[in-house]
Structure formats: C-alpha cells, structure tokens
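Let me begin by presenting the structure, written as structure tokens, before commenting on it.
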Amino acid sequence: MTTSREIRLASRPVGTPVAANFAVASVELPAPGAGEVLVRNHWMSVDPYMRGRMYDRPSYVPPFQIGEALQGGAIGEVITSNHADFAPGDLVNSMFGWREAFVAPGAALEKLPAHAGVPTQAFLGVLGMPGLTAWAGLGEIGKPLAGDTVFVSGGAGAVGSVVAQVAKLRGCTVVATAGTDEKCDWLRSVGVDHAINYKTCGNLLEAVRAAVPKGINVYFDNVGGEHLEVAIEMAKPFARLVECGMISGYNAENPVPGPSNIIQVVGKSLMMRGFIVMEFAGLRPQFIAEMTGWIAAGKLKWEETVFEGVEKAPDAFVGLFSGGNTGKMLVKL
Ligand code: NAP
C-alpha cells in the first residue's frame with residue numbers, strides 16, 4: 001500500500017475561491033494491476049481554467065465533482081510499472097491532478113521527452129500546455145507579421161509571457177500589461193517594448209494609446225473586461241483578437257457585460273476568435289522544435305512561482321486571481 005494525499009473540491013466557490021472550498025484527504029493506493037503504473041508526482045500545475053470546472057455547468061470539460069480530487073496536469077516519476085512502455089524512474093506527464101501519487105493505466109500517461117538543459121517542470125509551463133496555448137494561439141489565430149503591433153494582457157503570466165516573447169521573435173512591437181511594477185520590469189528585461197502596470201497606470205486606454213498611438217494589429221486576450229474594450233478601441237482595421245481567456249470575470253457572481261464598444265468589430269472588420277488549446281494538439285512537434293531552439297539559443301526566458309507541498313495547492317490556486325504568480329504557477333511535491 002502507498003499512502004497519497006490529495007486535494008478535493010469540498011464545495012463550489014461563490015466568487016473568489018477560499019480555503020474552505022478545498023479539503024486535503026489521505027488515500028491508500030492499491031498495488032498496480034495488469035497494465036497499470038504507480039506514479040509519484042513531483043510537480044503539479046495550477047491553472048486558471050480549473051476555476052471554470054468548479055461551476056456545475058456544461059462546458060468543454062466536465063465539472064469537478066464535490067468530494068473528488070481536482071484533476072489537472074502533473075509530472076511524476078514511475079515507481080512501479082506493469083506496463084511494457086514504462087520503467088521505474090521514467091518521468092511522465094499526466095492529467096490526474098492534485099495528488100501526491102496515483103495508480104493509472106499506462107495508456108493514460110505520456111513519457112516526458114528528454115531535453116537537456118530544460119528543467120522537468122518546464123513541461124507544465126513554457127514547453128507544456130500554457131506554452132502551446134501561447135505559441136499556437138498567436139501563430140495560428142493572431143498571425144502576426146513582422147512590423148505588426150501585438151498587445152497582450154496578463155503579460156507576465158505563463159501564457160502571456162510566452163506570447164510577448166514569441167511576438168518579439170517574430171519581429172513585432174509588443175505592448176503588454178501586468179499587475180505589478182516588478183512584473184513590468186521583467187517584461188522589459190525580455191525585450192517587451194511597452195510594459196504597462198494596469199493597476200497603477202490610471203487610464204488603461206490612454207496608457208496603451210500613449211505607448212502605441214498608431215494602434216494594434218493583434219490582441220492576445222488573457223483577461224477580458226476593460227482590457228478587451230481597450231483592445232477593440234486601439235484595434236486597426238482587420239486586427240485579430242485572439243480570445244484565449246478572460247480571467248477578470250472568472251469569479252464574477254453576476255453575468256459580466258460584454259465590451260461596450262463591440263460595434264467596432266463591424267466598422268473595423270475585426271476578427272475575434274476564441275480557442276481551446278487542444279485544437280492545436282497536432283502542432284506539438286513543431287511547437288517543441290521551435291521553442292527548444294529558441295531556449296537553447298537563450299532567446300526565450302521564463303519565470304515560475306513555486307508553492308511546496310500538496311496542501312499548498314489551494315493557496316497557489318487562489319493566488320492566480322490576485323496576481324500572486326510571475327510566470328507559471330506550480331506546486332512542488
Ligand atoms: P497566469 O497568467 O499565469 O496567471 C493568472 C494571472 O492573471 C495572474 O498572475 C494575474 O496577473 C492575472 N489576473 C488575475 N486576475 C486578473 C484581473 N481581474 N485582471 C487582470 N489580470 C488578472 O495564467 P495562465 O495559465 O497563463 O492563463 C492566462 C489566461 O489564459 C487565463 O485567462 C486562462 O484561463 C487562459 N488559458 C486559456 C487556454 C485555452 O486553451 N484557451 C489555455 C491556458 C490558459 P497580474 O499580476 O498581471 O494581474
């Protein structure tokens with residue numbers, strides 16, 4: 001028997017999640033059966049989309065159930081294997097979420113590719129789901145051309161920080177927002193042309209206008225709300241609005257009004273397109289190849305914010321909504 005602690009949803013949050021919405025439970029894992037593998041997690045991913053799964057409503061993924069462990073990305077090490085593809089010591093990516101250890105069919109696991117010089121947890125961030133979201137959302141929907149101006153909100157987060165840097169690598173001018181001066185300094189340090197602290201800038205529209213008076217060709221939206229209105233206002237004709245996420249509304253207790261200036265989508269011939277990263281799963285080989293090339297050449301940097309211990313996962317999660325992370329939010333086990 002192996003003991004594992006896990007984080008369960010204790011109740012559905014109303015508004016911003018609080019500690020009481022989560023519970024730590026201890027479970028005894030059976031020995032793996034035929035075709036199964038015992039994995040001990042080293043890293044757990046903490047992601048904003050998990051908030052959506054805490055509502056009991058139809059969506060592109062089923063809601064979390066009260067009393068069950070929260071599912072999500074994790075990287076762990078194979079301890080015991082009854083599956084021919086896995087051996088003890090292998091590092092694997094899984095979606096079994098916030099647990100110290102688990103037993104699962106080998107078919108539900110993915111062996112991590114070996115990439116010298118890249119820490120394991122990068123496969124939950126810059127080389128994982130958030131990185132692919134940024135790379136594919138920008139490239140396949142935003143389609144920036146060299147010389148374009150790209151505006152990205154949530155610029156210092158896991159997705160936004162990759163969007164900002166990839167846009168620079170594609171020859172664009174980049175304006176990015178973040179919630180602290182330290183995050184803005186970091187954005188400048190990786191080449192962002194205009195970093196705006198949206199909490200202290202006063203009027204966000206005027207701050208973006210002052211930075212890029214001629215307007216923007218691409219907006220990569222991680223935040224929604226006022227940021228989206230500003231992007232529509234600043235959009236040049238035929239600009240592309242990449243709708244990746246709208247975190248400013250995830251904890252809203254009442255319906256959030258749409259952008260008051262949405263009519264400009266018509267007059268400026270704007271394209272507004274949402275997406276879920278899995279749409280671009282088939283592009284992973286190209287994504288990994290291009291990103292690892294940039295990383296090896298020192299052209300792509302990333303930050304991570306790490307909480308230690310499975311019991312800290314709820315704190316890490318709540319922290320996403322107050323800007324407690326720079327780069328990828330992770331829990332180390
Ligand atoms: P993240 O940006 O690393 O973390 C969340 C950040 O959002 C916080 O650090 C905070 O930074 C900012 N934030 C929180 N509340 C805010 C508010 N009210 N107004 C403005 N900013 C706020 O998270 P991530 O994993 O990279 O995800 C970024 C976005 O992409 C999220 O909207 C997420 O849902 C979305 N996403 C979508 C897909 C997809 O497939 N479409 C996949 C992954 C992620 P500040 O300090 O700057 O406020």
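Every number here is computed from the coordinates shown, using simple stated rules; none is lab data. Computed from a prediction, not measured in an experiment: that's the story for all the values here. All Cβ positions, glycine included, derive from the backbone under ideal geometry; neighbour counts span all protein chains shown.
Structure notes:
- Counting beta carbons within 10 Å around each of Trp98, Trp302 and listing the fewest first gives the order Trp302, Trp98.
- Neighbour-limited loop hits for GluC sites (Glu not before Pro), the stretch 235-314 (at most 14 other Cβ within 10 Å; DSSP other than H, G, I, E, B): Glu253
- The ranking of Thr80, Thr292 by Cβ neighbour count inside 10 Å, starting from the fewest, reads Thr80, Thr292.
- Here the chain was treated as a single set of alpha-carbon atoms; its pair distances binned every 20 Å from 0 give 31, 56, 13, 0 percent.
- Theoretical gain in end-to-end length, Ala108 to Arg188 [0.36 nm per residue, Cα-Cα removed]: 24.8 nm
- Taking Lys and Arg as +1 and Asp and Glu as -1, the other residues whose beta-carbon sits under 13 Å from that of Pro257 total -2.
- Within the stretch 1-94, chymotrypsin sites (Phe, Trp or Tyr not before Pro) in DSSP loop having at most 11 other beta-carbon neighbours inside 10 Å: Tyr60
- For the stretch 293-333 versus the stretch 1-63, the gap between their alpha-carbon centres in whole angstrom: 18
- Over 22 Å [Cα-Cα, the stretch 129-278], rounded percent: 31
- The ranking of Leu29, Leu9 from fewest to most other beta carbons within 10 Å of each one's beta carbon is Leu29, Leu9.
- On the basis of the beta-carbon distance and an R0 of 35 Å, Lys301 and Ala281 show a calculated FRET efficiency of 0.90.
- Computed Kirkwood radius, in angstrom, where 1/r is averaged over Cα pairs of the stretch 26-110: 13.6
- Its convex hull of Cα atoms gives the stretch 205-275 a direction-averaged projected area, equal to a quarter of the hull surface, of 4.8 nm².
- Taking Cβ atoms as reference points and 11 Å as the exclusive limit, the residues near Gly76 contribute a net charge of -1, counting Lys and Arg as +1 and Asp and Glu as -1.
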